[in-house]
Amino acid sequence: MDAVRQGVRQDAGQAFPLYIVAVAGLLFLAFAFFAVGQAAATRNSAQTAADAAALGAAQTYRDDLYRALRKAVEGDDDAWEDLLKAMGSPTGTACDSAQWFAGKNDADATSCTPDSWPTSFAVRVTTRGTVGDSIVPGTENKHASAGAKAVIVPRCTVRPAEGGRGPGDGGPADRKEPAKDKGKGMEKDKGKDKGKDKGKEKGKGQGPDKGKAPGKGKIELTCDGKPLTLDPAHLDPFPEPAGFFAVRLAE
């Protein structure tokens with residue numbers, strides 16, 4: 001009986017180190033997974049900051065476009081056509097906004113690159129915080145970086161004014177009169193031509209502009225499939241910035 005008890009004690013003594021090794025292995029795995037989780041959280045934080053910075057830059061640029069567009073329409077400045085395409089406004093304030101939004105998410109914008117066709121802002125950020133201490137060496141000094149790109153998409157296009165068909169589109173201006181080359185007809189035609197030429201010179205530069213209603217200076221647009229008329233003399237109510245331009249993250 002004593003021999004049996006002694007054998008059991010010896011088995012228990014031999015199994016104890018195995019338990020220690022197993023527990024140590026599990027603890028190591030737990031700390032390793034914790035380190036991976038820390039890194040993933042820091043990486044997600046960087047991506048959130050990059051998205052916010054890119055969208056912030058694009059929205060600021062949209063607001064600048066909106067103000068410039070209204071000013072151009074009020075002043076009858078042809079620059080409104082480029083502005084309507086989301087082009088032509090300075091980009092400095094937009095990139096300043098990118099840094100501000102990155103800072104609000106505990107990161108710094110390391111680059112802000114404006115581009116065109118389509119108008120966009122590509123931003124890269126680096127987190128101010130690090131992954132933190134872990135069983136993986138060097139993580140206490142490791143920062144996360146991420147990038148994002150936001151685009152400004154025009155919602156409106158210029159719509160030709162009613163009856164404003166111009167040369168080259170099959171309108172009356174493109175139809176040629178048959179030549180009259182017989183005696184008396186020639187004299188009549190000369191008189192008609194002189195009258196036409198005088199009329200053309202008199203009316204030069206008075207034709208309807210592209211997208212503007214004849215004689216009224218109104219700008220005819222189509223925004224998301226719906227007609228919109230802007231009257232420089234009566235701009236209130238004026239659509240909001242989102243009515244002219246959409247802002248979204250690029251895929």
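A few points about this structure:
Matching residues to (1) exposed (fewer than 11 other Cβ atoms within 10 Å of the Cβ); (2) charged (D, E, K, R); (3) in a helix (DSSP H, G or I); (4) modelled with pLDDT of 90 or more:
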position: Gln6; (1), (2), (3), (4): yes, no, yes, no
position: Ile20; (1), (2), (3), (4): yes, no, yes, no
position: Gly37; (1), (2), (3), (4): no, no, yes, no
position: Asp51; (1), (2), (3), (4): no, yes, yes, yes
position: Leu69; (1), (2), (3), (4): no, no, yes, yes
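- Of the residues making up the stretch 78-129, those that are over 30 Å from Thr229 (Cβ atoms), part of a helix (DSSP H, G or I) and of a type in the set (D, E, K, R) are Asp96, Lys104.
- Residue check: Tyr61 meets all listed conditions (1) buried (at least 19 other Cβ atoms within 10 Å of the Cβ); (2) within 30 Å of Ala30 (Cβ to Cβ); (3) modelled with pLDDT of 95 or more but one, namely (2).
- Qualifying residue in the stretch 72-86 (condition: modelled with pLDDT under 95, of a type in the set (Phe, Trp, Tyr) and closer than 18 Å to Ser116 by Cα): yes
- Scanning the stretch 219-244 for residues that are within 17 Å of Lys85 (Cα to Cα) and outside any strand (DSSP E or B) yields Asp224, Gly225, Pro239, Glu240, Pro241, Ala242, Gly243, Phe244.
- Contact map, the stretch 104-129: residues that are more than 16 Å from Gly92 (Cβ to Cβ) and modelled with pLDDT of 95 or more paired with residues that are assigned to a loop (DSSP other than H, G, I, E, B) and among the basic types (Lys, Arg), Cβ distance under 9 Å, separation 6+ or inter-chain. Pairs shown: Asp106/Arg128; Ala107/Arg128; Asp108/Arg128.
The values are calculated or read from the model by the stated rules, or taken from the named source; none is laboratory data. Only a predicted model underlies this, so the values are computations on that prediction, with no experimental measurement involved. We place every Cβ from the backbone using ideal geometry, glycine too, and count neighbours over all the protein chains shown.
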